[in-house]
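A short worksheet on the structure shown next.
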Amino acid sequence: MVKFRSPHILPAAPAVVRRSVLQHYSIEQCTPAIGAEITHIDLAKVADDPDLVAELRSLWLKHRVLFFREQHITAQEQQRFAEAFGELEKHPTAPMHPDAPLLLPLYRNLDPEKPNMVEKSSRENIWHSDLTFKAVGPRGAILRCEECPETGGDTLWANMVLAYEMLPDRVKSRIDELYARHSFEHVFAAQLKRERRLELALEQPSTDHPVVRIHPETGEKLLFVNQAFTTHFSNFYNFDDVRFGQDFAMEANTLMNYLLSQAVIPEYQVRLKWQPGTVAMWDNLLTQHYAVADYGTAPRKMLRATLAG
């Protein structure tokens, strides 16, 4: 039996220790694997303090996802906070916020006749990292709740560094040199008509990513396949003990399904119950996330800033 252990953090992202900063906010770790909640901080003022930005960045890398409560800020203030951590990018197909053009509205079950509201029927209740079908995907995201159901609509995150670390050694050795295909069509375009799918396939071509990636700041290895966008291995082969072609296909499919299932292991996860004013900031390489769609027709309004890769 493998003993569970918390993920280690390499010294590539040292914390910035400044007494005046540390006196003004507090940190509470959510689970041994992932997540921390930071209190007594005003995100509208963070961008004015470079030392605080550096400290939060270090905590972000350490805990993978950070949570902030009671952040009743404007869309413009959220965008400015996000820009302190890097360049922001627009979604390749979805409309952006009219007052903060680098924020993506994720609005559900709203009256389409109301101004500045985007009605969407799809939900992200599938384990994924954002937009991995791109050659260079997002670096991270900052999501703020404007309105949410009284109960339901939680979001979960999984630590994909830990998911890789806990794999059996024989699996690690098998996947170390593998690449996997990530496709926009797999989920986003599946509900569209064939002609539009073919157009989008040209606009957003599929791409290959290493199954095991190395984080550019921490140097950690992480498992990089997800249910939403990963379709198959692009360089899987085995000529040593294959009798028929179906042996090869079965081995590849079984291994892929096994890797995709790692994000659902509860020991790697943290779960957030949203409230208006709650903000979540996550690393898109170190984590995957899942938005629970259990709230029926209740309205849910979220605004997301996407950090460019």
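Nothing in this text is a laboratory measurement; each read-out follows from the coordinates by a stated rule. Note that this is a predicted model, so its numbers are computed, not measured. Please note: Cβ atoms are built from the backbone with ideal geometry, for glycine as well, and neighbour counts cover all protein chains shown.
For the Cα atoms of the chain, what angle does the longest principal axis make with the long axis of helix 194-203, in degrees from 0 to 90, nearest 10?
In the chain, helix 194-203 runs at an angle near 80 degrees to the longest axis.
Could you tell me the center-to-center distance, by alpha carbons, between the range 127-173 and the range 36-68 in angstrom?
Result: 19 Å between the Cα centres.
Please report the antiparallel percentage of DSSP beta bridges with both residues in the range 14-309, rounded to the nearest 5.
90
Using R₀ = 51 Å, calculate the FRET efficiency as 1/(1 + (r/R₀)^6) where r is the Cβ-Cβ separation of Ala201 and Glu147; round to 0.05.
The computed FRET efficiency comes out at 0.90.
How do Thr155, Thr74 rank when sorted from fewest to most other Cβ atoms within 10 Å of their own Cβ? Please list the in-between numbers first.
On the way: Thr155 22, Thr74 11.
Listed from fewest to most nearby Cβ atoms, that is Thr74, Thr155.
If a/c stays under 1.5 just call it rounded; otherwise compare a/b with b/c (prolate if a/b is bigger, oblate if not). Do that for the range 14-309, with a ≥ b ≥ c from the square roots of the Cα gyration tensor eigenvalues.
Details: a/c = 1.96, a/b = 1.34, b/c = 1.46.
Since a/c reaches 1.5 but b/c is at least a/b, the shape of the range 14-309 is classed as oblate.
Of Met256, Met250, Met281, Met96, how do they rank once you tally other Cβ atoms within 10 Å and put the fewest first?
Met250, Met96, Met256, Met281
Compute the FRET efficiency between Gln246 and Arg194 as 1/(1 + (r/R0)^6), taking r as their Cβ-Cβ distance and R0 = 22 Å, and round to the nearest 0.05.
Computed FRET efficiency for Gln246 and Arg194: 0.15.
I need to check one value: relative contact order of the chain, counting alpha carbon pairs closer than 8 Å and at least 6 residues apart, in percent.
So the answer I get is 32 percent.
Is it possible to state the helix-based mean residue ellipticity at 222 nm for the chain, with each DSSP H run of 4+ residues giving -39500 (n - 2.57), the sum divided by total residues, to the nearest 500 deg cm²/dmol? What is it?
-6500 deg cm²/dmol
For the residues Cys30, Cys148, what sequence is obtained by ranking on other C-beta atoms within 10 Å, fewest first? Walk me through the numbers on the way to the answer.
Details: Cys30 18, Cys148 21.
Placing the least packed residue first, the sequence is Cys30, Cys148.
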